[in-house]
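The values are calculated or read from the model by the stated rules, or taken from the named source; none is laboratory data. Quick caveat: nothing in here was measured; it's all calculated off a predicted structure. Quick reminder, even Gly has a Cβ in these numbers, built from the backbone with ideal geometry, and neighbours come from all protein chains shown.
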Amino acid sequence: SRKKIKKECARLARLMMLRNAAFSKVVNEAYPHALRLSIHAHNNAGPKYAVALLPLMERPVTPWHNTPLLLRAPPPRGHRVALLHRADVAREHGGDDNVRVAYKYGRPYVMCLVGGGAAR
């Protein structure tokens, strides 16, 4: 049932949080003077500090949790890449007809605006 699935997800989420806290404690004890970097957002007051993998992003984002979208920009900038959640890509750029997947080496590489899609 949906309720059972939700309950199991909550249980697993709690276990993951406990495991993360235990891991953080072990790392802090083993390496008390180490600087800990993270690809996830943190308040940067310690013990972890956020590092942006991609420059010029408003928040720490990762390609594992987002979809790269190639945007057209006026000269001299040319193009830029935005990272968005997949659900936001079509909504923010006029629907699925305005985006397509570009492939590199036979694998999905980046989404591109086509047709009436405009950069934001």
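Some observations on this one:
- Residues being outside any helix (DSSP H, G or I) and either under 25 Å from SER38 (Cα atoms) or modelled with pLDDT under 80 (or both) - total across the stretch 64-112: 26
- Output for the stretch 27-58, where each listed residue is part of a helix (DSSP H, G or I) and loosely packed, with under 10 Cβ neighbours inside 10 Å: GLU29, ALA30
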